[in-house]
Amino acid sequence: MQTQRIERIGERFWYQTPVSETDRPILGMVVGGKKTLMIDAGNSEAHTRYFLKELADRQVQKPGLLALTHWHWDHIFGLSALDGVVSFAYHETKEAMEKLIPLSWSNEALDERVQAGTEIEFCATAIKKEFPEERNITIALPTVTFEGRMEMDLGGLTCVLQHVGGDHASDSVVIYIKEEKILFLGDCIYADIFSPKTNYTIEKTRELLNQLDTFDAETYILSHSGAISREEYQQEVTLLRMMASLTEEFQGDSVKIKQAYEEQLGRELNEDELETMQYFVNGW
Ligand SMILES: [Zn+2]
């Protein structure tokens with residue numbers, strides 16, 4: 001099991017590193033002069049409590065506010081541990097969470113949903129690992145919902161919550177910590193993993209990247225990968241934009257896309273690039 005570390009960027013942003021095995025995403029804490037905002041609620045009450053304890057050990061005050069990036073289980077199951085915290089979510093996020101309330105999370109129920117195609121193996125496996133014994137899952141709903149965009153003044157520190165959507169989840173919201181120039185991307189830049197074939201679509205990718213371009217950030221947080229610099233982010237964006245263009249130009253023909261991109265780069269595509277290409281071909 002990976003150890004989770006607490007990292008700090010600048011004076012006012014803390015985060016806990018992710019765990020791939022149990023699909024624990026990064027949790028963030030934005031500490032303003034007056035208010036503290038937590039970003040995402042974690043994949044279990046244990047996850048949330050561990051994060052809060054680690055921050056309490058570092059004299060970081062408890063959060064009064066919380067923002068959800070999207071409805072996926074690993075970002076919301078911990079919300080029930082945050083009594084008294086005012087949580088904010090895009091309206092579609094809350095609607096998707098409401099649909100989870102009647103579900104059972106037993107092994108049998110998870111397996112059945114995987115069979116029926118309404119749950120994916122990857123999530124079912126991670127849920128079983130995160131909750132090896134007692135599966136005490138209570139879906140708590142966000143307190144406040146918004147549409148489009150909202151701004152929070154934490155006391156000398158501004159956070160913008162903006163709905164951006166994308167292939168991974170249509171309700172995806174990013175959180176921009178303005179004065180610190182940090183853009184918390186959540187999972188928005190990842191592919192759609194819930195369709196039979198993991199995919200990116202040209203249109204949604206472009207729409208998403210155009211929206212993300214409007215933020216002036218130095219650091220980007222990807223919930224299951226880590227914090228990356230502006231340069232690293234730009235490389236990722238270039239790859240996505242190039243693959244979108246080539247997929248369009250060659251009508252999803254992977255042989256031609258690969259050949260054209262390798263000619264441009266003057267080298268063979270690496271594993272990461274090949275995977276991204278395959279996702280675009282799947283989405284064509
Ligand atoms: Zn997700």
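The values are calculated or read from the model by the stated rules, or taken from the named source; none is laboratory data. Keep in mind that this is a model prediction, so the values were computed, not measured. Backbone-built Cβ (ideal geometry, glycine too); neighbour counts: all protein chains shown. The area values use the complete protein model at the heavy-atom level, side chains included, leaving out ligands, DNA and RNA. Shrake-Rupley method; radii C 1.70, N 1.55, O 1.52, S 1.80 Å.
Specify the residue with the greatest mean-square fluctuation among Thr198, Thr238, Thr17, computed from a Gaussian network of the chain linking alpha-carbon atoms under 10 Å apart.
Thr238
Test of understanding: in a Gaussian network model of the chain with alpha carbons linked when under 10 Å, which of Gln234, Gln162, Gln259 would top the mean-square fluctuation ranking?
In the Gaussian network model the winner is Gln259.
Relative to the Cα centre, what is the charge dipole magnitude of the chain, using +1 at the beta carbon of each Lys and Arg, -1 at the beta carbon of each Asp and Glu, and rounding to the nearest 20 debye? All intermediate terms of the calculation are to be shown ahead of the outcome.
Numbers: 27 positive and 48 negative charges, 188 e Å.
Computed charge dipole of the chain: roughly 900 debye.
Once you place label points 7 Å from the Cα toward the Cβ at Gln115 and Glu218, how far apart are they in nm?
5.5 nm
So between Glu203 and Ser20, what do we pick up on full extension, going 0.36 nm a residue minus the alpha carbon distance?
Separation in residues times 0.36 nm, less the Cα-Cα distance, equals 63.0 nm.
Give me the number: length gained by fully extending Phe122 to Ala260, i.e. 0.36 nm times residue separation minus the C-alpha to C-alpha distance, one decimal in nm.
46.4 nm
Within the range 195-224, list the trypsin sites (Lys or Arg not before Pro) lying in a DSSP loop whose Cβ has at most 16 other Cβ atoms in a 10 Å radius. Spell out each step's value before the answer.
Working: sites: Lys197, Lys204, Arg206; in loops: Lys197.
Qualifying residues, ordered by number: Lys197.
Write out the trypsin sites (Lys or Arg not before Pro) in the range 79-143 meeting two conditions: DSSP loop, and at most 15 other Cβ atoms within 10 Å of their Cβ.
Working: sites: Lys94, Lys99, Arg113, Lys128, Lys129, Arg135; in loops: Lys99, Arg135.
Taking the range 79-143 and a limit of 15 other Cβ atoms within 10 Å, the loop trypsin sites (Lys or Arg not before Pro) found are Lys99.
Sort Tyr233, Tyr279 from largest to smallest accessible area, using a 1.4 Å probe on the heavy atoms of the protein chains.
Tyr279, Tyr233
With a 1.4 Å probe and every protein chain left in place, tell me how much accessible area Asp192 has, in Å² to the nearest 10.
30 Å²
R0 = 22 Å: FRET efficiency of Asn210 with Glu275, Cβ-based, nearest 0.05?
0.40
What's the extension gain from Arg5 to Ser106 if we count 0.36 nm per residue and subtract their Cα-Cα distance?
Extra length available between Arg5 and Ser106 comes to 33.4 nm.
If ligands, DNA and RNA are left out, what is the accessible area of Val144 with a 1.4 Å probe, given in Å² to the nearest 10?
We get 50 Å² for Val144.
Run the 1.4 Å probe and let me know the accessible area of Ser44, rounded to the nearest 10 Å².
0 Å²
Extending each Cα 7 Å along its Cβ direction at Lys178 and Glu95, get the distance between those two points in nm, one decimal.
Simple spin-label model gives 2.9 nm for this pair.
Taking a point 7 angstrom from the Cα of Lys129 along the C-beta vector, which residues in the range 81-120 have backbone N less than 20 Å away?
105-115, 119-120, by backbone N distance to the label point.
Tell me, which longest segment in the chain has none of the GluC sites (Glu not before Pro) that fall in DSSP loops with at most 16 further Cβ atoms within 10 Å?
So the longest stretch without any such site is 22-132.
Sequence gap at least 6, Cα distance under 8 Å: using those rules, report the relative contact order of the chain to the nearest whole percent.
14 percent
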